[in-house]
Amino acid sequence: QYRMHPAISAFPAAHFYGGRLKDDPSTLSRSEAPLRLGSLASLGPLALLHVRGAREEAVRDGSVRNMAEAAAICDLLLELRGRGVDVRSASRVKVLTFYAAQVAAIRAAADARGLRGVFIATVDGAQGSEADVVLLSCVRCRGVVGFLADERRLNVGLTRA
């Protein structure tokens, strides 16, 4: 694979591809400089963040959203923008989630905070694409995994960066 930093590809390579997925040498030269995002600890090529106060809620069409996660995504987008990252460039930043209701929640929160034009889509809608920074909103927080039970979707979500 030539797209992801080796720290990102390690889990998918081992879990989804049985170790057969190998990193192209060009991926080793990718910057390892961490992003410094305000009060968050230094983030390397891959970070998992706990969102306090997260609560998933079902909407009428059977989809699921998590407003605390939507707000956290916007906080990260604002921090990236403040550090000079063009968050409206889909090749630089993508926001992905597994649920249409979460796309709508993130888009509404982003618009309200002056973040219009950010690429926000479902994982399925982003298949075949990539970006320098991918923010993945998993939505679920009560032990129910939903779409995360489908390893193909999880693989796509994890491998867009």
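The values are calculated or read from the model by the stated rules, or taken from the named source; none is laboratory data. In this text the structure is predicted, and so the values were computed from the model without any measurement. Every residue, glycine as well, gets a Cβ built from its backbone with ideal geometry; the counts of neighbours run over all protein chains shown. Just the protein is used for accessible areas: all its heavy atoms, side chains included, with ligands, DNA and RNA removed. Shrake-Rupley method; radii C 1.70, N 1.55, O 1.52, S 1.80 Å.
Quick notes
- Residue among A68, A54 that is open to solvent by less than 80 Å² (accessible area, probe 1.4 Å), on the phi < 0 side of the Ramachandran plot and part of a helix (DSSP H, G or I): A68
Residues checked against (1) part of a strand (DSSP E or B); (2) among the small types (G, A, S); (3) over 21 Å from R83 (Cβ atoms); (4) at pLDDT 80 or above:
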{"residue": "K94", "(1), (2), (3), (4)": "yes, no, no, yes"}
{"residue": "A104", "(1), (2), (3), (4)": "no, yes, yes, yes"}
{"residue": "R116", "(1), (2), (3), (4)": "no, no, no, yes"}
{"residue": "G125", "(1), (2), (3), (4)": "no, yes, yes, yes"}
{"residue": "A131", "(1), (2), (3), (4)": "no, yes, no, yes"}
{"residue": "C141", "(1), (2), (3), (4)": "no, no, yes, no"}
{"residue": "R152", "(1), (2), (3), (4)": "no, no, yes, no"}
{"residue": "A161", "(1), (2), (3), (4)": "no, yes, no, no"}
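- Taken as a whole, the structure leaves L40 outside the set of residues that are modelled with pLDDT under 85, in a loop (DSSP other than H, G, I, E, B) and either open to solvent by less than 30 Å² (accessible area, probe 1.4 Å) or within 23 Å of S129 (Cβ to Cβ) (or both).
- When residues of the range 94-114 are limited to those that are out of contact with any strand residue (DSSP E or B) (no Cβ under 8 Å at 6 or more places or on another chain) and among the aliphatic types (A, V, I, L, M), the one farthest from V139 (Cα to Cα): A112
- Positions within the range 75-99 being buried (at least 16 other Cβ atoms within 10 Å of the Cβ) and more than 22 Å from E130 (Cβ to Cβ), in sequence order: D75, L78
- Residue, most open to solvent (accessible area, probe 1.4 Å), within the range 107-120, restricted to residues that are among the aliphatic types (A, V, I, L, M) and over 11 Å from L135 (Cα atoms): A112
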